[in-house]
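Have a look at the structure below, then the notes.
The values are calculated or read from the model by the stated rules, or taken from the named source; none is laboratory data. Only a predicted model underlies this, so the values are computations on that prediction, with no experimental measurement involved. We place every Cβ from the backbone using ideal geometry, glycine too, and count neighbours over all the protein chains shown.
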Amino acid sequence: MKKNYIGIREARINFSKLIKDVRSGMEITITDRGTPVAKIIPAEGQTLSLGERIKNYENCGLIESCPELNTVDNSPVELPRKDMEEIMRYIREERNDE
């Protein structure tokens, strides 16, 4: 697990590694005697996919993976009749407005 808080001395020693982590989307807070004093964040314009950002947060230990959610079930979901009727009414109204 990568930590996202690091002391000034350790940050100075491992700066190149910190930059590599930041490039991958990680945000790092620099502390002075346990008090946050600065933050290193990815530069604007760097875009990561949602999956990449989630993986980075998992690596930082900010969130935990949930294997049950990683299974993809492409089977159709049956909506209750009441909901289906409401959706169809909305679609008809949208078409009439055009």
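Points worth noting:
- Taken over the range 54-98, the criterion of being of a type in the set (Asp, Glu), at pLDDT 70 or above and over 23 Å from residue 24 (Cβ atoms) is satisfied by 78, 83, 85, 86, 93, 94.
- Taking first residues from the range 18-34 that are surrounded by fewer than 17 Cβ atoms within 10 Å (Cβ to Cβ) and partners that are hydroxyl-bearing (Ser, Thr, Tyr), the Cβ contacts under 8 Å between residues at least 6 apart in sequence or on separate chains come to 29/5; 31/5.
- Residue satisfying all of: in the range 14-37; outside any helix (DSSP H, G or I) and farther than 12 Å from residue 4 by Cα; modelled with the lowest pLDDT among these: 24
- Residues being of a type outside the set (Gly, Ala, Ser) and either over 14 Å from residue 4 (Cβ atoms) or in contact with a Lys or Arg (Cβ under 8 Å, 6 or more places away or on another chain) (or both) - total across the range 38-54: 8
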